[in-house]
Amino acid sequence: MDNLPQWLPDTPIVPFTVLLLVVLTVPPLFERLKLPGLVGLIAAGVVLGNDGLGLLDPADDYMKLFTDIGKIYLMFVAGLEIDLAEFQRKKDRSLVFGIATFTIPLVGGALMATAFGYSLNASVLIGSLLASHTLLGYPIVSRLGVAGNEAVTVTIGATIFTDIAALLVLAICVSIHGGDFSATSLVIQITALALYTGAVLVGLDRAGKLYFKRTGDEESNQFLFILLAVFLAAVGAQVINVDQIVGAFLAGLAVNDVVGRGPVENKVEFVGSTLFIPFFFVGMGLLLDLSAFMESFTENLGFVIAIVVTLVTAKFIASMAIKVIYNYSWNSTMTMWSLSIPQVAATLAAALAGFNAGLIPDSVFNSVVVLMLITSVIGPLATSHFARKLPLSGGSVGERDTDENPDLPPLTFFPKEKPFKVVVPVSNPLTERYLIEMAAIVARQRSGSIVPLAIAEAHLQMDEPELDVAIRRSERLLQRAIEVSNEFEVEAMPRIRIDSDVAHGISRTAREENASTIVMGWNENIGIRARLFGSVVDSVFWSSHCPVGVMRLLDDPLNIHQILVPVKSLAPQVMEAMRFAQLFAESNQAELTLLHICDRRTTPEQIQAFETSLMTIFHGGGSQVPAQMKTVVSDDIAQSILEASQEVDMVVLCSRRRRTAGGLAVSDVATKILGQITCSMVLFGEPHW
């Protein structure tokens, strides 16, 4: 094996190719083993490093570059994904919990490290490694429909405080380690940090808003602006002797509301999660000294146990303190505790910075990796156990959990105070009729109207012959739409829009018409650009102000009389999909089957409580639609839906996206269903809440 690298060309292309192969193949294999994909990337780094095949060398300049970019990108995405709106709503309680869950682990970790003989500066740094946390369990609470619960919201807000504070402690400790310590230098360092933080948070925010306003739809330039902003912030941090990751995280917070939850953010996260962040985790594996790592379980076993116990205990004490202060329930408290346990993003990046600065030895670094592996497993498991016992609807976390049903609102989506309009983009004559029929059936039930929309691609010159051809084609499509709508006695208000971007043309027209929903067709021919940067459907989901129903209709909507609506939680997105199905069923005399899919750990009492709550919501608006409840206990959601779809005419599915802590994309259930389902389907996507 030692001779293997000698047979390969001495060029950076070889390790880059190896990295691409690892990122493509290793995470899926580990996820099949029920292990986090990032664990596989670290393991791959060990195998490919100096203690293994020797294909990758952490000392090479290109590996240092890849690792640094990945580290910066990781912290930038961590700041970018924090929901500032949620933080604002519960900022006082978030701040209190943030201080508690930062200070207690910091002090506990520092005392523990001091007991093992580390210097004061190193001990404080070790304590700060335990003070932050990574929200690995957020996809779980989102899936369970309790992401809006106060316990979750407060913990998310606390993440902002803990990550910033931990990174600032890191910056001060590294600065002290690199030079002579004095009170004057400390004051200068803190002042420089304060000025730098203000400059990044305020300056990048204002510059970003101004640039985005002036560039409009130029997503490529906006993407480049975001990249420039994050790396400028990283360079600026180094100028004042602060680690790069501090600047990257602050840059993420600064451009958070500038980017919003739209296509540009999607592209930024895509590039990071596909390339640079996985490269960082592979680089972490390359830095692991296998013999020293094994020593962590022999000579340093006491320190490993101590650091894990200190973290878990300190986070628990912080959560219990919040329980006493705000009278939170036990399940709410334990959910906050479980969400604050995992130590991945900020912890690993800070540990690497401290290790590279010579402030902590490799034994501590290896112990932190062990801590990451343990907490990334027990944290999500505990979150799954306790979060499922939270109230299914939003509300105070001090209230009852699931023993009684909370007062739940009826289905009140698609507000009645405004005229009901359905925007229907048409482009394919073969699918146009079914789409218009579907929109007309729904609009007729609400005495509304439809807006058939044809997009003609813009040209630089408005007298281009190609544009004339496109407009004539659009007129023919809209004429057919009017004819179909007349059959259903529904008013049609056709629109032709000339636009360089189809998705923006659709979402802007919907906004201008104050549409209640958008109904559009499914395009199965997805090219390479759509796979990399998202399709028109993705972009409409991101940018629309109203719900979007993407249809794959295999039969005339008039023949659809059995509808299946999978319901995993009572999240607003799921309720929106159910309301759409209810509207269609009311107009078309169809029957609904509400499919509740729960995992094997769900108790009968929890199933009964969920079913009661769901039916209360369903009939709360006075609906007379025949509906039956069907519960399936299964861990394979997609397969359960596919089996149930054999007995119905159409499935209405809520589209949801999830990401891991490192930004690595997780495939949606809808992907598997779309490839195998044999009946009509509506993929219901919601604007970002």
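I need the full set of residues from the range 331-370 which are more than 19 Å from Gly109 (Cα to Cα) and without any contact (Cβ under 8 Å) to a residue 40 or more places away in the chain, in order please. Hit for the range 331-370 is Asn356, nothing else.
If you go through the range 598-609 and keep only what is in contact (Cβ under 8 Å) with a residue 24 or more places away in the chain and open to solvent by 10 Å² or more (accessible area, probe 1.4 Å), you end up with Asp599, Arg600, Arg601, Thr602, Glu605, Gln606, Ile607, Ala609.
Among residues of the range 302-346 being in a helix (DSSP H, G or I) and among the aromatic types (Phe, Trp, Tyr), the one that is nearest to Ile42 (Cα to Cα) is Phe303. Thr602 meets all of the listed conditions (1) over 15 Å from Val648 (Cβ atoms); (2) touching a Leu at 6+ places or on another chain (Cβ under 6 Å); (3) of a type in the set (Val, Ile, Thr) but one, namely (2). Residue pairs whose Cβ atoms lie under 6 Å apart, separated by 6 or more positions or on different chains, with the first residue in the range 502-517 and open to solvent by 20 Å² or more (accessible area, probe 1.4 Å) and the second not charged (D, E, K, R), are Val502/Ile455; Val502/Val536; Arg511/His545; Glu513/Val451.
When we screen Leu595, Leu583 for residues that are in contact with a Lys or Arg (Cβ under 6 Å, 6 or more places away or on another chain) and either at negative phi or surrounded by 22 or more Cβ atoms within 10 Å (Cβ to Cβ) (or both), the only hit is Leu595. Restricting attention to the range 418-440, the residues being among the small types (Gly, Ala, Ser) and either out of contact with any helix residue (DSSP H, G or I) (no Cβ under 7 Å at 6 or more places or on another chain) or surrounded by fewer than 22 Cβ atoms within 10 Å (Cβ to Cβ) (or both) number 2. Each residue in the range 441-463 was checked for being under 16 Å from Pro419 (Cα atoms), open to solvent by less than 70 Å² (accessible area, probe 1.4 Å) and part of a loop (DSSP other than H, G, I, E, B), and 2 of them qualify.
What helices (runs of 4 or more DSSP H), lying completely within the range 171-254, carry at least 3 residues that are surrounded by fewer than 19 Cβ atoms within 10 Å (Cβ to Cβ) and modelled with pLDDT of 75 or more?
Once the helices (runs of 4 or more DSSP H) in the range 171-254 are filtered for at least 3 residues that are surrounded by fewer than 19 Cβ atoms within 10 Å (Cβ to Cβ) and modelled with pLDDT of 75 or more, what remains is 183-198, 205-215, 219-239.
Just give me the residues in the range 93-119 being farther than 19 Å from Val304 by Cβ and at pLDDT below 85, in sequence order. Scanning the range 93-119 gives Ser94, Ser119.
If only residues of the range 551-572 that are more than 11 Å from Met438 (Cβ to Cβ), in contact (Cβ under 8 Å) with a residue 60 or more places away in the chain and open to solvent by less than 10 Å² (accessible area, probe 1.4 Å) are counted, the one that is nearest to the chain's Cα centre (by Cα) is Ala571. For the range 354-371, a tally of residues being farther than 30 Å from Arg93 by Cα, assigned to a helix (DSSP H, G or I) and open to solvent by less than 10 Å² (accessible area, probe 1.4 Å) returns 7.
For the range 116-136, the set of residues classified as assigned to a helix (DSSP H, G or I) and touching a residue at least 60 places away in the same chain (Cβ under 8 Å) consists of Asn121, Ala122, Leu125, Ile126, Ser128, Leu129, Leu130, listed by residue number. For the range 324-344, the set of residues classified as touching a helix residue (DSSP H, G or I) at 6+ places or on another chain (Cβ under 9 Å) and open to solvent by 10 Å² or more (accessible area, probe 1.4 Å) consists of Ile325, Tyr326, Ser329, Trp330, Asn331, Met334, Trp337, listed by residue number. Selection within the range 610-624: residues that are aliphatic (A, V, I, L, M) and crowded, with 18+ Cβ neighbours inside 10 Å. The member of this set that is modelled with the lowest pLDDT is Ile617.
The values are calculated or read from the model by the stated rules, or taken from the named source; none is laboratory data. In this text the structure is predicted, and so the values were computed from the model without any measurement. All Cβ positions, glycine included, derive from the backbone under ideal geometry; neighbour counts span all protein chains shown. Note: accessible area is taken over every heavy atom of the protein model, side chains too, but ligands, DNA and RNA are not part of it. Shrake-Rupley method; radii C 1.70, N 1.55, O 1.52, S 1.80 Å.
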